[in-house]
Amino acid sequence: MTVANLQVSGLSKRYGDFVALAPTDLDVAQGEFLTLLGPSGSGKTTLLSLIAGLSQPDAGAIRINGTDVTYGAPYERDIGMVFQNYALFPHMTVAENIAFPLQMRRTDAQAARKMVMSALEMVHLPHVAERYPRELSGGQQQRIALARCMVYRPSIILMDEPLGALDKKLRDHMQLEIKRIHRELGTTIVYVTHDQEEAMTMSDRICLMNAGEIAQLGTPDDLYFRPTSVFVADFLGESNLLDATVLERAGDQVRVAMAGVEGASGAEAMVYDPQVERGRAVKLLLRPQNLHIHDGGGVGDGVATISARLTDIMVTGGMTKLYLQSSVMGGQAGEVGKSLVASFPTHRRGNRFEIGQTLGLAWRADDAVAIAG
Ligand SMILES: Nc1ncnc2c1ncn2[C@@H]1O[C@H](COP(=O)(O)OP(=O)(O)OP(=O)(O)O)[C@@H](O)[C@H]1O
Ligand SMILES: [Mg+2]
């Protein structure tokens, strides 16, 4: 186990009566890429600003490499920062911009020149050293902002939506660049985004925040496949959440009763939430790609199935999505059914389904997750 080089314990922040950050514990390991993910207003920037020393907590402590820095000035923390609007100095050349933090640290001029050039090479832009920021594209400016923050080798880099201002293609490219630089430098990175795909592709671990609290902390896989709350299941990727009641639980498996599922034994599912117990009303999470479509008959043993009417078909490039309405899931007869989404890789020969058709939806027990709240 690597020693955490950032330790946050019991850290909290209020603005008047409003709790922007409830008491929060978070350990970030040396060299880890940790992402703070969550909806707008969930407290991501609040937490990052406290770590950076740009604002002060009401309670709790922040340790960097074992040293308590909770009330220390930002420059005492050995932290680099990159924000959404790169904030390069417009009247300085690229080289002067990158050299700035070195000047502040009174680095010898000749050594500084070398460090600036190696930082520029790191972001693949050695040829723009003498240009001004206005002579660069948005993506190039963001790379220079990254170079400026890396040049003095801080032990932790904090980034708050650094790619938010870039278009999709550039953002995808920059995600790879930041990952590469992270690999090469081995710096600890705490990264903020509200884009779940970005968080999934970049992070070692994701800290998903909701209303000033940590909703779940874990690997991208943990959050996507083993969510412990409906909020987490819903936030990451598309999800179908069906009402069910727990019949029995054994370890990390449950049997649930569900409207529309044939057989007295109900359906089986996985469970990662300690609150899910016998008799409890739960949601059954089924990811769209795990719903298998069949037109009646021929489903294997132990496979739960429900029927639903096809209401729409959408081809989104590589994937086809079927929108369905389950007649029974809504409960009472005549009630509008529960909406479901199923997806599968698009076929070159087109699809074989017709709107209005009734289809069977089957899933494997280990692809379903029961969640309490
Ligand atoms: N200086 C302040 N005074 C009062 N309330 C504040 C202040 N700064 C932040 N807040 C409130 O604290 C909450 C958390 O804000 P924060 O900036 O941490 O959210 P965020 O998760 O970064 O959101 P976004 O994705 O929109 O950047 C918000 O409701 C915000 O309005
Ligand atoms: Mg923010």
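Since every read-out is calculated from the coordinates, none of them should be taken as a lab result. A quick note: this is a predicted structure, and the numbers were derived from the prediction, not measured. Note that each Cβ is placed from the backbone with ideal geometry, even for glycine, and that neighbours are counted across all protein chains shown.
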(request) Note down the magnitude of the dipole of the stretch 123-168 about its Cα centre, charges +1 on Lys and Arg C-beta and -1 on Asp and Glu C-beta and zero elsewhere, to the nearest 20 debye. (result) 120 debye
(request) May I ask you to list the lysines whose Cα is less than 29 Å away from that of LYS338, ignoring any residue fewer than eight positions away on the same chain? (result) LYS283, LYS321
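Have a look at the DSSP beta bridges in the chain and tell me what percent are antiparallel, nearest 5.
Restricted to the chain, the bridges split so that about 75 percent are antiparallel.
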(request) Under a 10 Å cutoff between Cα atoms, tell me which one of GLN289, GLN141, GLN357 has the largest fluctuation in the Gaussian network model of the chain. (result) GLN357
(message) Quick check for me: using +1 on Lys/Arg Cβ and -1 on Asp/Glu Cβ, what's the dipole size of the stretch 4-231 about its Cα centre, in debye to the nearest 20?
(response) 560 debye
(request) Starting from the stretch 138-172, pick out the trypsin sites (Lys or Arg not before Pro) whose DSSP state is loop and whose Cβ has at most 12 other Cβ atoms within 10 Å. (result) none
(message) If neighbour count is taken as other Cβ atoms inside 10 Å, put LEU284, LEU291 in order from fewest to most.
(response) LEU284, LEU291
(message) Among ALA199, LEU50, ALA112, which residue has its Cα furthest toward the positive end of the charge dipole of the chain, with +1 on Lys/Arg Cβ and -1 on Asp/Glu Cβ?
(response) ALA112
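Compute and list, largest first, the equivalent-ellipsoid semi-axes of the chain from the alpha carbon gyration tensor, each √(5λ) rounded to a whole angstrom.
The answer is 47, 25, 16 Å, longest axis first.
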(request) Give the span of the stretch 1-139's Cα atoms along each principal axis, as three whole-Å numbers ordered largest to smallest. (result) 48, 32, 27
(request) Springs between alpha-carbon atoms under 10 Å, Gaussian network over the chain: tell me which of PRO74, PRO274, PRO154 tops the mean-square fluctuations. (result) PRO274
